[in-house]
1. Given T359, T331, which one is of a type in the set (S, T, N, Q) and over 23 Å from G230 (Cα atoms)?
2. Go through A284, A311 for me and flag whichever is open to solvent by 40 Å² or more (accessible area, probe 1.4 Å), in a helix (DSSP H, G or I) and on the phi < 0 side of the Ramachandran plot.
3. I need the full set of residues from region 26-55 which are aliphatic (A, V, I, L, M), buried (at least 16 other Cβ atoms within 10 Å of the Cβ) and assigned to a helix (DSSP H, G or I), in order please.
4. Name the residues in region 1-17 that are in a helix (DSSP H, G or I) and open to solvent by 70 Å² or more (accessible area, probe 1.4 Å), would you?
5. What pairs come out if I take residues in region 205-234 that are loosely packed, with under 15 Cβ neighbours inside 10 Å and part of a loop (DSSP other than H, G, I, E, B) and pair them with residues that are modelled with pLDDT under 95 and not small (G, A, S) whose C-beta lies under 6 Å away, six or more apart or interchain?
6. Looking only at region 240-259, decide whether some residue is open to solvent by less than 10 Å² (accessible area, probe 1.4 Å), assigned to a loop (DSSP other than H, G, I, E, B) and either at positive phi or touching a Leu at 6+ places or on another chain (Cβ under 6 Å) (or both).
7. Find the residue count for region 170-204, including only residues that are in contact with a Lys or Arg (Cβ under 6 Å, 6 or more places away or on another chain), crowded, with 19+ Cβ neighbours inside 10 Å and under 15 Å from R155 (Cα atoms).
8. Starting from region 263-289, keep only residues that are hydroxyl-bearing (S, T, Y), then list their pairs with residues that are open to solvent by 60 Å² or more (accessible area, probe 1.4 Å) whose Cβ atoms are within a distance under 6 Å, requiring at least 6 positions of separation or different chains.
Amino acid sequence: MSAPWLSLIGLGEDGADALTPAARALVAQASLIVGGARHLAMIEAPAERLQWPSPLTDAIPRILAQRGRPTVVLASGDPFFYGVGNLIGRHVARDEIFCVPAPSAFSLAAARLKWSQQDCALLSLHGRAFERVTPHLQPRARIIALSWDESTPARLARHLVERGMGGSRLYVLERLGGAEERVRDARADAFALNDIAPLNTVALEVEADGDAAVIPLAPGLPDDWFEHDGQLTKRDIRAVTLSALAPRKGEVLWDIGAGAGSIAIEWMLSDISCRAIAIERDAARAARITRNALSLGVPDLSVVIGEAPQALAELETPQAIFIGGGGDEATLAAAWSALPRFGRIVVNAVTIETQALLTDAYREKGGELLHLQFAHGRPIGRFHALDPAMAVTQWRATKR
C-alpha cells in the first residue's frame, strides 16, 4: 500500500484561519500547492505554486510528477462534492490521497435555512448546463444549487416563471461561511435582488401552478412537448417502449432513427446517471433533437448525424438499443451484434416489411413479439367514436 503523498484540503471563505492544525501542517510541508487564484491567495507557505490551468486536466501531469513528494491541492468546501476530488481520483490511487474536507456550500446553505439535506435535490450549475435544473422542478421540491455566477439567481427566477412556477421562493446565499455572508430571498415572479456576489448558492422552494410545466416522473410525456415533424414515437407507444427498455442506473442507450429524440430524452429523464446516443441521418431532425433535449432538461444527450448501420461503428457500447426509425436487416444485425450479454433491444415496426423482419428475429432469438394499438376518442357529429391509430408491432429481447 502506498503512503498518501497528495493532500486535498477544503477551504471555506475564512481561508487558512479555519484550517485544522493537521491541515496547516500539510500545507507547511508541501513542496507544491495547486489551486485557483483565490485559494492560493489565502495560503501563506514557501512551496512552489501552480494555479489551475484551463482545462484543469492540463495540471494532471504536473501533479503526477510529484508522486512521492508532499503535494497539496486546495479546493472549495468538500473536494468530493462537485469538486476536484473526482478528477484527481481518476488519476491517483485512493491510498495515495489524504482528504481534509471543509463544510460544503450545500451543508452551509441547509444549516442557514434549517433544511434537511437528505430531503433536497443538490445540484451544481457551475460549469454545467443550466438546463439540468428543469427535471428537478417538482411541486414542493427543495433544491440547493451552486451558481455559475451572479447572473444565475435571476436566470433561475425567469425560468421558474416561464414554467408556471412564479410563486416559488428563491434564497440567495452569498459568501457562505465568510465575514461578508449574506442571505436574501424573493419570490420568482417578483425577483429584483441586485448586487449579488459572484460566489453564491441558490436554494429554491418550488411552488407550481395547476397548469405548470412539470416533467412527470413516469414515462409518456405529452407529444406536444416535443418539437417534431411527425417523426415521433407517440406518447402511449412511447410509455410502453420505455417500460420495455427498462432503464437502469448509469446505463447507455442507442436510439437509432431517433426522429424527435423522444425515447432517448425520456430514457435520460429516468435517472440523472442514464446516458443516451441519438442516431439520426437527417441534419434538421438532429438539430431538433438537440433543442428538445435542452428544453426538457437533458442537455448532455449525444446526437450523432449519420445513417445506420455505418454510424454505429465507433459508438460507446450500449446496454439497451431502441430502433424506431424504419430499421432494416443490416441495422438490426449490427445492433444485435453491438449489444453485450444481457443487453436489451426493443424495435417498433409499422410497415409489413419491418414486421416480417421482427417475426424472423423473434423466431431466431426469442424474446417477446407484441401487437400494440391505441384508439382515441373523437367527435362524429353529435356523437363520439374511437379512432384507432396505426398499429405497432414490437419485438423486445434480452441477449443471452
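1. T359
2. A284
3. L26, V27, L40, M42
4. Correct list: D17 only.
5. none
6. There is at least one residue in region 240-259 that is open to solvent by less than 10 Å² (accessible area, probe 1.4 Å), assigned to a loop (DSSP other than H, G, I, E, B) and either at positive phi or touching a Leu at 6+ places or on another chain (Cβ under 6 Å) (or both).
7. Number of matching residues: 1.
8. Between residues of region 263-289 that are hydroxyl-bearing (S, T, Y) and residues that are open to solvent by 60 Å² or more (accessible area, probe 1.4 Å), the close pairs are S273/K249.
The values are calculated or read from the model by the stated rules, or taken from the named source; none is laboratory data. None of these values were measured; they are calculated from a predicted model. Using ideal geometry, Cβ is built from the backbone for each residue, glycine included, and neighbour counts are taken over all protein chains shown. Keep in mind that these areas ignore ligands, DNA and RNA; they rest on the heavy atoms of the full protein, side chains included. Shrake-Rupley method; radii C 1.70, N 1.55, O 1.52, S 1.80 Å.
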